[in-house]
1. Within region 120-139, is there a residue that is surrounded by fewer than 19 Cβ atoms within 10 Å (Cβ to Cβ), among the aliphatic types (A, V, I, L, M) and either in a loop (DSSP other than H, G, I, E, B) or modelled with pLDDT under 95 (or both)?
2. Of all residues in region 200-212, how many are closer than 14 Å to Leu30 by Cα and under 21 Å from the mean Cα position of the chain (by Cα)?
3. Among the helices (runs of 4 or more DSSP H) lying completely within region 141-244, list those that include at least 2 residues that are closer than 20 Å to Ser84 by Cβ and hydrophobic (A, V, I, L, M, F, W, C).
4. Identify, by number, the condition in (1) within 22 Å of Gly79 (Cβ to Cβ); (2) free of Cβ contacts under 8 Å to residues at least 12 places away in the same chain that Ala154 doesn't meet.
5. Can you find a residue that is assigned to a helix (DSSP H, G or I) and modelled with pLDDT of 95 or more anywhere in region 66-73?
6. Residue under question is Arg36, and the condition is that it be in contact (Cβ under 8 Å) with a residue 40 or more places away in the chain and closer than 20 Å to Val246 by Cα; does it hold?
7. For Met1, work out the one condition from (1) assigned to a helix (DSSP H, G or I); (2) over 21 Å from the mean Cα position of the chain (by Cα) it doesn't fulfil.
8. Which of (1) more than 30 Å from Asp177 (Cβ to Cβ); (2) modelled with pLDDT of 95 or more does Lys111 not meet, given it meets every other one?
Amino acid sequence: MSDYDKEVAAQIAAARGNEALQAASREFLLATIEARYSYNFTWQGRPIIQYPQDMVAMQELIWQVKPDLIIETGIAHGGSLIFSASMLAQLDLCDAIESGEKLDPRVSRRKVLGLDIDIRQHNRAAIEAHPMASRIQMIQGSSIAPEVVSQVKAIASNYKRIMVCLDSNHTHEHVLDELEAYAPLTSIGSYCVVFDSVVEDMPKEMSFDRPWGPGNNPKTAVWEYLKSHSEFEIDQAIQHKLLVTVAPDGYLKRIRS
């Protein structure tokens, strides 16, 4: 490890025990959730509805893991699909440079697979018209429906390094079902990222009329899943580094088969 890496690691470790910094981070996060801060950002022209801090974390993980396939539940406006596809396009470019091959941008070596129970037509049209579209495949249907799970597993069988991102219905039961269905597809050394686990840390009234809230959310599903799945561990260094994240305890690293 270089001196720079050691310094960064020490800073991240120190941040974990810095009560004033942690309190400021929590205060900022709750205030910005109420202000719908995550809706302010786009990626290559499409709304992404994510915090910039988590976008940076995902960029780091994709570069580290170099996945062939990224499975995402929840599409919305498609910004996250475009983000992932653009990261994969960069990996393809780097592979071509290293191998000396001529890169054909129309050929997708890597793929993003997006699932949503309701892909709005205007969003589908915008995603399919985007320059990253050749790297994106979409399936409409409930992410936990047996026929959808079967389709995803069939597609995943053609890839070696797989990353999973769960960001659809945020109830405990639904996320736990998604984890049971898709987390096993995660490659060793790769990640299954469960977004919006922050719901557990929010006041109940901030969930408004949604069916999820404290005690019934992605974080409680993660905790339940990990009781019987020791092949995953929470990479807490990520949340300590970010300080502001909607996925506390949600960055799950697969450490064994």
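The values are calculated or read from the model by the stated rules, or taken from the named source; none is laboratory data. Being a predicted model, the structure only gives us computed values, none of them experimental. Cβ: placed from backbone, ideal geometry, glycine included. Neighbour counts: every protein chain shown.
1. Yes: one or more hits.
2. Looking only at that region, the number is 4.
3. Fully inside region 141-244 and qualifying: 146-156, 172-182, 236-242.
4. For Ala154, the exception is condition (1).
5. no
6. In short, no.
7. Met1 satisfies every listed condition except (1).
8. Every condition holds for Lys111 apart from (1).
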